[in-house]
1. Within the bounds of the range 246-255, is there any residue that is closer than 16 Å to Thr185 by Cα and modelled with pLDDT of 85 or more?
2. Testing Val317 on (1) open to solvent by 40 Å² or more (accessible area, probe 1.4 Å); (2) touching a strand residue (DSSP E or B) at 6+ places or on another chain (Cβ under 8 Å), one condition comes back false. Which one is that?
3. When you scan the range 251-265, do you find a residue that is among the hydrophobic types (A, V, I, L, M, F, W, C), open to solvent by 70 Å² or more (accessible area, probe 1.4 Å) and over 22 Å from Glu221 (Cα atoms), even just one?
4. Filter the range 294-314 down to residues that are exposed (fewer than 13 other Cβ atoms within 10 Å of the Cβ) and within 29 Å of Val154 (Cβ to Cβ), then give me how many there are.
5. Go over the candidates Glu149, Glu134, Glu181, Glu114 one by one and state the one that is open to solvent by 10 Å² or more (accessible area, probe 1.4 Å), without any contact (Cβ under 8 Å) to a residue 12 or more places away in the chain and in contact with a helix residue (DSSP H, G or I) (Cβ under 7 Å, 6 or more places away or on another chain).
6. Which residues, taken from the range 223-245, are at pLDDT below 90 and among the charged types (D, E, K, R)?
7. Kindly state which helices (runs of 4 or more DSSP H) lie completely within the range 217-333 and contain at least 2 residues that are closer than 17 Å to Ala165 by Cα and in contact with a Phe, Trp or Tyr (Cβ under 9 Å, 6 or more places away or on another chain).
Amino acid sequence: MTEIAHPRVLCVDDEPNVLSAMERNLYGEFDVTTARSGEAGLDAVRWGASFAVIVSDMRMPGMDGATFLEKAREIAPDSVRILLTGQADIESSIAAINKGAIFRYLCKPCSKEELVLALNDAVGQYQLVRLEKELLETTLSASVKTMTEVLAMVAPWAFQRSAFAQSGVQHALKKLAWPDEWIYTIAAALSQIGCVGIPIDIVQADAAQRPLSEEEKKLLEEHPNVAARLVTNIPRLEKVADIIRYQMTAAPVDAPVEVIRGAQLLHATLLLERHAARGLSLDHPREILRGAHPAIPEYIIKSLTDFRANLAGIRTVRIGELKTGWIIDEDIRTNNDLMVLTKGHELTDTAISALQRLLSLGAIEEPIQVCVTRETETHS
């Protein structure tokens, strides 16, 4: 396991002298950031690079250490938390340990040797957590790729919808800088697996805003629950399953923060997909998303305002010339009128391979119309 050179440590205390002493004692061994209140500490966790360890005093005005560490855990669950306090109040210390999942509890005054030893142990724990998560993400990514490729063969329209959502989620995450990005991208990739049993004519009728029977509406409304039940059976994907479950509705207020904001982001990208599938422009995502129900937070809307803003123009190309990231500018159907890809969907390696296979079988015609990106146009 690779060691971290100068691991990042956040120290939170309302006493400037304590913070100065910590900086002196830890200089040269740790990259120390200080904050003089719980609110300032949360800002540092929320907006800065990730911390290996978060150290907090217990007794602070406004927000005590127990509350701060609990909130910090929601934002940065991988950061290891240490409570440093001079209180003799065992009850409040136990509350802090339970609420904030404290790794170590140290009493003030704490010697430099004791503090450094505790921090080194905490950094080791942080590395173990990150290593496990990296292995988990690698394994899950491979499994999800297999599942989505099966979806692409069984229900191409559903695969393209999830691919669009995944593209939008990845675009937004670059600005949002949420931890555990894999949760949101996997949720988008698997968001439509419950659509496998929905006939394509119902989907096409819905996209064209034609009237649907109550039974057809129920099929469309139920697919998030179907998908969530399937995903729940996969270990470690409980939050992913709940994001998928609430992709069309509001998550409960007491749900984990990843579920609440993940469902909101997924809902936003699927609204844009629905708009594009109807052949409508995505030039003004803000106007499309502001009328959403349930409402989408403004900061998520802002992260998507320039989604697909890098499109340069329309070209007519042969299937062998297709590139990932290009956008289909026309419905692609087989010669017997089965929908393969709908207008507005982004090409992936899987989608291009499927088109090449269908062309080799004589099932589709070329050339086709696509919107190209500025990057590929520059290099062509």
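1. Step one: of the range 246-255, the residues closer than 16 Å to Thr185 by Cα are 246-247.
Next, only the ones that are modelled with pLDDT of 85 or more stay: 246-247.
Yes, the conditions are met somewhere in the range 246-255.
2. All conditions are met except number (1).
3. From the range 251-265, those among the hydrophobic types (A, V, I, L, M, F, W, C) are 251, 253, 255, 257, 259-260, 263, 265; that's our starting set.
If we keep only those that are open to solvent by 70 Å² or more (accessible area, probe 1.4 Å) as well, we get 253.
Next, only the ones that are over 22 Å from Glu221 (Cα atoms) stay: none.
No - not one qualifying residue is present in the range 251-265.
4. Residues that pass the stated criteria total 0.
5. Numbers: Glu149 fails: without any contact (Cβ under 8 Å) to a residue 12 or more places away in the chain; Glu134 fails: in contact with a helix residue (DSSP H, G or I) (Cβ under 7 Å, 6 or more places away or on another chain); Glu114 fails: in contact with a helix residue (DSSP H, G or I) (Cβ under 7 Å, 6 or more places away or on another chain).
Sole residue among the options that is open to solvent by 10 Å² or more (accessible area, probe 1.4 Å), without any contact (Cβ under 8 Å) to a residue 12 or more places away in the chain and in contact with a helix residue (DSSP H, G or I) (Cβ under 7 Å, 6 or more places away or on another chain): Glu181.
6. Residue satisfying the conditions is Arg236 alone.
7. Numbers: elements: 238-245, 257-277, 285-290, 298-303.
Fully inside the range 217-333 and qualifying: 238-245, 257-277.
Conditions tested, residue by residue: (1) without any contact (Cβ under 8 Å) to a residue 12 or more places away in the chain; (2) loosely packed, with under 15 Cβ neighbours inside 10 Å; (3) more than 16 Å from the chain's Cα centre (by Cα).
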{"residue": "Lys175", "(1), (2), (3)": "no, yes, no"}
{"residue": "Gly197", "(1), (2), (3)": "no, yes, yes"}
{"residue": "Val203", "(1), (2), (3)": "no, no, yes"}
{"residue": "Leu212", "(1), (2), (3)": "yes, yes, yes"}
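The values are calculated or read from the model by the stated rules, or taken from the named source; none is laboratory data. All figures in this text were calculated on a predicted structure; none of them were measured in a lab. All Cβ positions, glycine included, derive from the backbone under ideal geometry; neighbour counts span all protein chains shown. Just the protein is used for accessible areas: all its heavy atoms, side chains included, with ligands, DNA and RNA removed. Shrake-Rupley method; radii C 1.70, N 1.55, O 1.52, S 1.80 Å.
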